[in-house]
Every structure is written in structure tokens, then in C-alpha cells.
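S.K.: Dropping the structure in here first, questions after.
The values are calculated or read from the model by the stated rules, or taken from the named source; none is laboratory data. What you are looking at is a predicted structure, and each value in this text was computed from that prediction instead of being measured. Here Cβ is always computed from backbone atoms with ideal geometry, including for glycine, and neighbour counts include all displayed protein chains. Side chains are part of the model used for accessible areas, which takes the heavy atoms of the whole protein and leaves out ligands, DNA and RNA. Shrake-Rupley method; radii C 1.70, N 1.55, O 1.52, S 1.80 Å.
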Amino acid sequence: MKPIHIQPGIELRLLQRSDAAELAAAYLSNKEHLAQWEPIRPAEYFTKQWQERDLESRLELYQQELAYPLALFEHDSIIGRFTLTGITRGPFQNASLGYWMDADYCGRGLATATVREICAIAGTELGLHRIEASTLLHNIGSQRVLLNSGFQLIGTAPRYLKIAGRWQDHHLYQRILED
């Protein structure tokens, strides 16, 4: 996948193993910001070594066309992470989308522009039919990103994911890519 320019100086590209140190730094600097939206992370999660191992496994899935681990960069700094996972072929042609933005970049339209680009790639280059995503009920910012990117709310899943140490309800969204 070629890098995609989202705005001047900001591009979306596939993560590489060599991005592990920058990814660890991005997670560490956003640790407090992300804590309310993610599972509880062990201390080693915020290290270059952990991120290298994780990237290796995600890049293996990429080679099998089962995942796309992407990041949004401003110059050489990671300001957001976007991942298509669980890619299923056959009659489903589906993937799940997960993402986060650096706290200092929220509310600037970058996540919406990036999700739109990912949907375009997923439909045209990857041949997917559908992308699904979920948000915590109180994550209004992420819900706006999805709705402004053509996703539709399709339901609510009780106690869907263990986030911030407790099972929490999530809104479920989908985008049919041919629409």
C-alpha cells in the first residue's frame, strides 16, 4: 500500500517493524488519553520491544491479507493508529475497523478523513463489501467520525468489550462499501 496524503505534512501508511519505537512513544504519551477507550495495558505494552513483537504478528496477518496495520504520521511522528482486522473473504467480504488519535489532534477532522480513505481503499483495492466498527456509548467523538464517514448505527451490544477494566456496552456500526 502506498502512503496516502491526508493533509499537507500528514500521511497514512502501513506500519513497519521499524516504527516500533515511535509507536511505543505515541502510546506512552497518550496513555492517559487512551485509558478510558482501551483495555488495561501491562507496563511492557508501552515499550519498543512489545510493540516490535506486536507489529511482527500484525505484519504476518497483513502478508496473509487478514489485517492492515496503519498509522497516521505527521512527518515522522505517529499521531493516530488505524487497523483493519478480522478480514473475512468468501460471501462476507468484511473487516473490523479500530482506531485512535493522539489527544492533541482530536477534533481536527483527521480521523474522519482517514476513515474515509480507508473505506475507499477497502472497497476498491481490497474488494471488501462491508466494514464494521464499535464505540463505547459515551464516545461521541468516535461516533461522529463513523457517522461522518458513511457508517450507520446498527445496534447496541451489552457488555461487548472489557474496556478500562470493566465490561462495557458498545454501539455497533457498519458501512456497506458499495453505497
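S.K.: Report relative contact order for segment 29-139 in percent, whole number only (criteria: Cα-Cα under 8 Å, sequence separation at least 6).
M.R.: Values: 114 pairs, mean separation 20.6, N = 111.
Over segment 29-139, the number comes to 19 percent.
S.K.: Which value, in Å to one decimal place, does the Kirkwood hydrodynamic radius take for segment 102-179 when every pair of different Cα atoms is included?
M.R.: Result for segment 102-179, one decimal place: 13.3 Å.
S.K.: Out of segment 80-151, which chymotrypsin sites (Phe, Trp or Tyr not before Pro) are coil in DSSP terms and have no more than 12 other C-beta atoms within 10 Å?
M.R.: Details: sites: Phe82, Phe92, Tyr99, Trp100, Tyr105, Phe151; in loops: Phe92, Phe151.
Here the sparse-neighbourhood loop sites are Phe92.
S.K.: How much accessible area per residue does the chain have, in Å², with a 1.4 Å probe? Write down the numbers at each step before the final one.
M.R.: On the way: 9370 Å² over 179 residues.
Using a 1.4 Å probe on heavy atoms only, each residue of the chain averages 52 Å².
S.K.: Around Ile79, what is the net charge, scoring Lys/Arg as +1 and Asp/Glu as -1 over all other residues with Cβ under 14 Å from its Cβ?
M.R.: Values: positive: Arg13, Arg81, Arg108; negative: Glu11, Asp19, Glu22, Glu74, Asp76, Asp102, Asp104.
The answer is -4.
S.K.: Ok, one more. Taking all protein chains in place and a 1.4 Å probe, what share, in percent, of the accessible surface of segment 1-137 do carbon and sulfur account for?
M.R.: 51 percent
S.K.: Here is a further query. Under the rule of at least 5 residues apart or a separate chain, name every residue whose amide H is placed under 5 Å from the amide H of Asp169.
M.R.: Residues meeting the amide H criterion: Arg159, Tyr160.
S.K.: Note down the net charge around Asp169, summing +1 for each Lys or Arg and -1 for each Asp or Glu among other residues with Cβ under 15 Å from its Cβ. Before the final figure, lay out each step's value.
M.R.: Values: positive: Arg159, Lys162, Arg166; negative: none.
Net charge around Asp169: +3.
S.K.: Could you check how many percent of all C-alpha pairs in segment 7-83 are farther apart than 14 Å?
M.R.: Details: 1816 of 2926 pairs.
Of all Cα-Cα distances in segment 7-83, 62 percent exceed 14 Å.
S.K.: Just the number: Rg to Rh for the chain, Cα atoms, Kirkwood Rh, two decimals.
M.R.: On the way: Rg = 15.5 Å, Rh = 16.6 Å.
A ratio of 0.93.
S.K.: If you place +1 on the Cβ of every Lys and Arg and -1 on the Cβ of every Asp and Glu, how big does the dipole about the Cα centre of the chain come out, in debye to the nearest 20? Display every interim value, and only then the final one.
M.R.: On the way: 18 positive and 21 negative charges, 88 e Å.
Value, rounded to 20: 420 debye.
S.K.: In the neighborhood of Ala103, defined by Cβ-to-Cβ distances under 12 Å, what is the net charge if each Lys or Arg adds +1 and each Asp or Glu adds -1?
M.R.: -1
S.K.: So, in Å, what gap is there between the alpha-carbon centers of segment 117-171 and segment 36-110?
M.R.: 14 Å
S.K.: Using all Cα-Cα distances in segment 53-156, what percent lands in each 5 angstrom bin from 0 up to the longest?
M.R.: Here the calculated profile for segment 53-156 is 2, 12, 22, 24, 20, 14, 5, 1, 0.
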